[in-house]
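What follows is calculated from the coordinates using simple rules that are stated; it is not laboratory data. Keep in mind that what you see is a predicted model, and the values were worked out from it rather than measured. Neighbour counts are summed over all protein chains in view; Cβ atoms, including those assigned to glycine, are modelled from backbone coordinates with ideal geometry.
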Amino acid sequence: MPRAGLSRDAVARLALDVVDAGGADGFAGLTLAQVASRAGVATPSLYKHVGSLAALRREVATRAVRELTAAGSRATVGRSGPDAVRALAHAWRSYAQEHPGRYAATQVSPDPDDPAQAEHREAAAESVAVAVAALRGFDLPDDGVIDAVRAARSAVHGFVALELGGGFRMPQDLDRSFEALVTMLVAGIAALVPQESR
């Protein structure tokens, strides 16, 4: 019989805590043994609730993407253009700082051909939709929107990855540097708008 109080949802929540406890490398190092230890059960007991480590990793990634999407959505509601992009960038960074392991899980893209990853794909699509909505105020052409989403994600992720990994050791204020990055990002996105639309 499954342990009282242990369920698929409970196991997933424990796994989310485990990956955060492991920092930026927590998601990559996730094991069923770690989750079982936190749950106070033997590892085989988890198989009553999750089919495999791969299934648990998918669940963690999907939940983390949904959390990041919700944070971005809250930050950008009622905003557009540069203001929305700034708010979204700060929401992404804050989530990464608060949940480094979960943030790492959001960087894993679902396989478009794997039926088992349908829920993860749906969550990822919702995340992209929030970013696209934040960019709407720039009047980008349709074929430039995804370019801008990718650029924004790459810029913020690069900064965050270096920050979490201890890559910035100079004494200058990191928040100020992040603001400079976001300012450059906004200017870069604006430069993608065709001249006739400005």
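Site pair residue 119 and residue 80 shows an inter-label distance of 3.6 nm when each label is modelled 7 Å from Cα along Cα→Cβ. Helix 142-164 and the longest principal axis of the Cα set of the chain meet at an angle near 60°. Taking other C-beta atoms within 10 Å as the exposure proxy, 154, 80, 127, 73 rank 154, 80, 73, 127 from fewest upward.
List the trypsin sites (Lys or Arg not before Pro) in the range 142-186 that DSSP assigns to loop (not H, G, I, E or B) and whose Cβ has at most 11 other Cβ atoms within 10 Å. Which are they? In loop regions of the range 142-186 (DSSP not H, G, I, E or B), the sparsely surrounded trypsin sites (Lys or Arg not before Pro) are 169. Of interest is the spacing of the C-alpha centroids, which for the range 133-190 and the range 95-124 amounts to 20 Å.
In terms of the Cα gyration tensor, with a ≥ b ≥ c the square roots of its eigenvalues, is the range 96-153 rounded because a/c is under 1.5, prolate because a/b exceeds b/c, or oblate? Here the range 96-153 falls in the oblate category. Among 116-122, 81-87, sorting by the average number of other beta carbon atoms lying within 10 angstrom of each residue, highest first, gives 81-87, 116-122. Based on C-alpha pairs under 8 angstrom that are at least 6 apart in sequence, the range 55-197 has a relative contact order of 29 percent.
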